[in-house]
1. For residue 188, which of the numbered conditions (1) at pLDDT below 95; (2) closer than 30 Å to residue 301 by Cβ fails to hold?
2. Suppose we filter segment 400-415 for residues that are within 27 Å of residue 221 (Cβ to Cβ), of a type outside the set (A, V, I, L, M) and part of a strand (DSSP E or B); how many remain?
3. So, residue 403, is that one at pLDDT below 90 and surrounded by 18 or more Cβ atoms within 10 Å (Cβ to Cβ) or not?
4. Among (1) farther than 26 Å from residue 82 by Cα; (2) in the same structural domain as residue 91 (by TED's automatic domain parsing); (3) exposed (fewer than 14 other Cβ atoms within 10 Å of the Cβ), where does residue 200 come up short?
5. Return a yes/no flag: does segment 194-213 have any residue that is over 23 Å from the mean Cα position of the chain (by Cα) and of a type in the set (Gly, Ala, Ser).
6. Can you tell me which residue among 273, 237, 268 is at pLDDT 85 or above and buried (at least 20 other Cβ atoms within 10 Å of the Cβ)?
7. Using beta carbons and a limit of 7 Å, which pairs, at least six apart or on different chains, have the first residue in segment 118-130 and of a type in the set (Lys, Arg) and the second one in a helix (DSSP H, G or I)?
Amino acid sequence: MQRAVIALLWSGLACAGLEPIMENCLQPRTKPEQYVVMLSAFEQMNKNIAVVGEVAAWAKKLNRIFVEPTYCYSRVAPPFDSIEAGGSVLQKELGNHADRLRELNRTDLWKCSIAKQRLSSVRDIGDLCRNVPTISPATFLQRLEAKPALKESLAVFFQGAHLKEVLDGSRGKSIVYLVGLHRRLVSNHDIADGRCITKTCHGLKAGPAPSLIKVARKAADKARPYTCVNVRSETTLTAASLRCPAQIYAATARARAALPPLRNGTTLVVSDLYSSTSGTYTAGGRHDHLKEILRARLENLLFGGSRTAEATPRPLNARMCGAGQQALLGTSFKRFCVWCNARGNCTACDLCYPAQPAGRRRLVAVSGTRKGPLEALLRRDAPGSAKAAMTEQVLCALADTVVMCAKQEGCPCGRGLRSGFVSAIRAYRAQLGGSVATDAAGGIFSF
């Protein structure tokens, strides 16, 4: 009896968000062998939480146990390490619908190159735990191992499926697998307004995990005063973007002038200009080189006043190239740069430059005498992982002031509030007691 009481109390603490990694929060009257499992979902963490919320609501209405989602980087991923591990029936079902698998066609979503992370390691699942019968992925896999026959009783549903279809198609089946569902009933405007993370959607509100906020606050307090500069470029880079570092620096200068202690404070740059920090970033060729240029210029301005280092790559000006060089540039940017580097003339056509020495590639950039606590915290998790992304967002939200595009429709130099990453920073900042006033001391300065 005493053990039962202790277990009940501990479960209550887990549901209150005091214990970030719960093993289960099963409710009374739960059917013990019927489950809902997300194998994948469209979009990344800050937006697909709306899909998680809707699927959790389905699980409750279906009187099934919801299996806590796992993430590979910022994408919902299967709890299995391979398609074979899910059993022959699942393998056959997915094989029959190969054209509808989207992300699941990628083996790296099954066998993730980093450790998969549970939803509860990143988000506060208190609402989920209190309202929906839920178990951890590990518990689910243990039950499959104990009763292999469960793998033979399943139904798979894809993007476009609705609750009634799932209800009718899963009768008598032990497991409902959901693949590639899109966000519904939660618009980009809702995302910009903090829906699903600081405001409820589908009965769920899932902000940062309390333990994550706690360690971020500790690091932030030691680093103060600090400015966070957030730049989400994603697919927007063009030659015109080369003017952006100066514009971002100007907005940062305004923020520092409005709050004078920041002039000698710490600066944190959070951006997808750094490798492996965005799953939606356009990669390859000229785009990657533009990213290198922008990153170098931005750091030189933010960390060195208005100085521009001689080593900073210069922008492409094809008119400076000879006809033969232009022809080579047109066929292969990589071959053009090899040609340029081989002649030791990496600025002749203004874009190619030698590779950076080993160890120079960073995932975030921090400058200032008190940068240590921020750098140490940001090194804890695998770059690009769900937890690393959430840590970046919370640290940015906790900054004394933030510089980022604060417009719904976006800015010429970066994504705005329709980006899940950008809107999350604004929502968390408000939730954590920071100012979200635009262009006001201690608020958000837009570029």
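The values are calculated or read from the model by the stated rules, or taken from the named source; none is laboratory data. What you see is a predicted model; the values in this text were computed from it and never measured. We place every Cβ from the backbone using ideal geometry, glycine too, and count neighbours over all the protein chains shown.
1. Going through (1) at pLDDT below 95; (2) closer than 30 Å to residue 301 by Cβ one by one, residue 188 breaks only (2).
2. So the count comes out to 1.
3. Numbers: at pLDDT below 90: no; surrounded by 18 or more Cβ atoms within 10 Å (Cβ to Cβ): yes.
It is false that residue 403 is at pLDDT below 90 and surrounded by 18 or more Cβ atoms within 10 Å (Cβ to Cβ).
4. (2)
5. Of the residues in segment 194-213, the ones over 23 Å from the mean Cα position of the chain (by Cα) are none.
Taking every residue of segment 194-213 in turn, none turns out to be over 23 Å from the mean Cα position of the chain (by Cα) and of a type in the set (Gly, Ala, Ser).
6. Numbers: 273 fails: at pLDDT 85 or above; 237 fails: at pLDDT 85 or above.
The conditions single out 268.
7. These pairs meet every condition: 118/137; 130/15.
Residues checked against (1) in the same structural domain as residue 161 (by TED's automatic domain parsing); (2) of a type in the set (S, T, N, Q); (3) farther than 20 Å from residue 203 by Cα; (4) touching a Lys or Arg at 6+ places or on another chain (Cβ under 9 Å):
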residue	(1), (2), (3), (4)
89	yes, no, yes, yes
109	yes, no, yes, yes
126	yes, no, no, yes
129	yes, no, no, no
138	yes, no, yes, yes
